[in-house]
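Report on the following structure.
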Amino acid sequence: QVQLVESGGGSVQAGGSLRLSCVASGSIFGIVSMGWFRQAPGKQRESVAIISLGGSTNYADSVKGRFTISRDNAKNTVYLQMNSLKPEDTAVYYCNSVRFSTNYWGQGIQVTVSS
């Protein structure tokens, strides 16, 4: 089992920045990717940014150029730096990891962007 704990969410005005962190613990050997998903009210959960074990990244088109995902393997932590935030970025953000084809999820953290 992999446990994921997110931190860093909150409320910010449009144009502001936030940094989310996610610490992985437990059976972390074999994790091949970590990332962030989000779910807004009434919408499906969507992928925001993914980073592989090798460091390659993938972003949703809606966040390219504004969000940056990174990881610190020594700390088993993945980060999401979110700049130029927009009201449409408001959602619950979930940390995700994939280990031996199994998805693990954090409890979710609220990000609210006001106009």
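The values are calculated or read from the model by the stated rules, or taken from the named source; none is laboratory data. Note that the coordinates shown come from a computational prediction; the quantities given were computed from them, not determined experimentally. Please note: Cβ atoms are built from the backbone with ideal geometry, for glycine as well, and neighbour counts cover all protein chains shown. These accessible areas exclude ligands, DNA and RNA; they are computed on the full protein's heavy atoms, side chains included. Shrake-Rupley method; radii C 1.70, N 1.55, O 1.52, S 1.80 Å.
Does THR77 count as over 10 Å from the mean Cα position of the chain (by Cα) and more than 15 Å from VAL5 (Cβ to Cβ)? For THR77, the condition - over 10 Å from the mean Cα position of the chain (by Cα) and more than 15 Å from VAL5 (Cβ to Cβ) - is not met. If you go through segment 90-108 and keep only what is under 15 Å from PRO41 (Cβ atoms), open to solvent by 30 Å² or more (accessible area, probe 1.4 Å) and of a type outside the set (S, T, N, Q), you end up with VAL92, TYR94. Pull up segment 4-44, narrow it to residues that are of a type in the set (Phe, Trp, Tyr) and in contact with a strand residue (DSSP E or B) (Cβ under 7 Å, 6 or more places away or on another chain), then point me to the one that is surrounded by the most Cβ atoms within 10 Å (Cβ to Cβ). Filtering segment 4-44 for residues that are of a type in the set (Phe, Trp, Tyr) and in contact with a strand residue (DSSP E or B) (Cβ under 7 Å, 6 or more places away or on another chain), the one surrounded by the most Cβ atoms within 10 Å (Cβ to Cβ) comes out as TRP36. When each of LYS86, LYS75 is tested for being at pLDDT 95 or above and either surrounded by fewer than 18 Cβ atoms within 10 Å (Cβ to Cβ) or of a type in the set (D, E, K, R) (or both), the lone residue that passes is LYS86. Within segment 45-53, identify whether any single residue is exposed (fewer than 15 other Cβ atoms within 10 Å of the Cβ), without any contact (Cβ under 8 Å) to a residue 24 or more places away in the chain and under 18 Å from ASP89 (Cβ atoms), and answer yes or no. Yes, there is a match, as at least one residue in segment 45-53 is exposed (fewer than 15 other Cβ atoms within 10 Å of the Cβ), without any contact (Cβ under 8 Å) to a residue 24 or more places away in the chain and under 18 Å from ASP89 (Cβ atoms).
Can you say whether VAL92 is under 23 Å from GLN13 (Cβ atoms) and touching a helix residue (DSSP H, G or I) at 6+ places or on another chain (Cβ under 7 Å), as far as the supplied structure shows? Answer is no for this residue. Does GLN39 qualify as being closer than 25 Å to SER84 by Cβ and over 15 Å from the mean Cα position of the chain (by Cα)? Spelling it out, it is not the case that GLN39 is closer than 25 Å to SER84 by Cβ and over 15 Å from the mean Cα position of the chain (by Cα).
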